[in-house]
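A short write-up of the structure that comes next.
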Amino acid sequence: MFKGRHFDRSVILLCARWYLAYGLSLRNLEEMMAERGVLADHATIHYAPLLLEQFNRRKRAVSRKWHVDETYVKVRGRWMYLYRAIDSHGDTVEFWFSERCNLTAAKRFLRNALKRHGRPERIVIDGSQTNREAILLCDTTDRLQDRTRRDLKPIHIRQSAYLNDRIAQDHRAVKRRIRPMLGFKSINSARAILGGIEMVHMMRKGRAKSAHNLQPSLAEQFGLLAA
């Protein structure tokens with residue numbers, strides 16, 4: 001993964017882990033590494049998509065009951081949107097960063113989730129009619145395109161702000177890490193870093209498959225991704 005890179009693998013993993021997991025700014029990170037004689041810069045953080053790609057190959061399966069919602073993220077002073085889904089056990093199903101909050105974005109997010117994880121039995125949402133319409137459209141398309149000749153039941157949609165408080169609570173872990181950043185400077189940076197933050201959140205939930213059913217530390221999990 002890191003062949004031909006300027007920095008040693010251990011430096012890249014350390015910088016990425018510290019920045020994605022803890023309340024540090026990029027300036028904080030550069031100063032901390034400089035104290036250790038390493039002139040690392042913010043570019044090391046953009047290895048997050050490569051690490052996320054490796055992590056996704058190790059994710060455990062999710063349940064067939066999902067909670068779907070979106071939250072707000074500021075980029076260059078403008079509010080954008082992070083679509084997220086968790087299952088009935090609180091495990092992260094899928095996430096998608098979008099410049100807009102509309103039917104097109106909701107459909108793209110749900111198509112990605114269905115493609116990666118299969119069909120859920122039930123999806124809980126709040127009162128959003130846009131998300132409801134997106135689920136109905138994606139569900140219909142998915143059943144029409146199915147070639148197994150199975151009699152697929154429609155996805156049951158449950159609209160309840162109270163029941164969907166589970167994912168609203170889960171948003172907080174991601175928002176807590178974003179807060180010290182004071183907003184992202186570009187869409188590409190936001191997409192890369194948010195993916196890394198979500199990855200760390202999943203690691204802390206124990207979403208990765210690990211040997212002997214033991215839960216390794218964050219440092220050990222980062223090391224396994226680059227092994």
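The values are calculated or read from the model by the stated rules, or taken from the named source; none is laboratory data. Given the structure is predicted, the values throughout are model-derived calculations rather than measurements. Positions of Cβ are backbone-derived with ideal geometry, glycine not excepted, and every protein chain shown enters the neighbour counts.
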So is residue 161 in a helix (DSSP H, G or I), modelled with pLDDT under 95 and surrounded by fewer than 20 Cβ atoms within 10 Å (Cβ to Cβ) or not?
no
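For (1) out of contact with any Phe, Trp or Tyr (no Cβ under 9 Å at 6 or more places or on another chain); (2) at pLDDT below 90, each residue gets a yes or a no:
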site: 18; (1), (2): yes, no
site: 24; (1), (2): no, yes
site: 28; (1), (2): no, yes
site: 31; (1), (2): yes, yes
site: 54; (1), (2): yes, no
Criterion violated by residue 108 - all others in (1) without any contact (Cβ under 8 Å) to a residue 24 or more places away in the chain; (2) in contact with a Ser or Thr (Cβ under 8 Å, 6 or more places away or on another chain); (3) closer than 24 Å to residue 179 by Cβ satisfied:
(3)
Only one residue in 72, 19, 81 is over 15 Å from the mean Cα position of the chain (by Cα) and within 17 Å of residue 195 (Cα to Cα). Which one?
19
Index of the failed condition, residue 204 passing every other in (1) surrounded by 12 or more Cβ atoms within 10 Å (Cβ to Cβ); (2) assigned to a loop (DSSP other than H, G, I, E, B):
(2)
Which one is modelled with the lowest pLDDT among residues in segment 1-16 that are part of a loop (DSSP other than H, G, I, E, B) and surrounded by 15 or more Cβ atoms within 10 Å (Cβ to Cβ)?
2
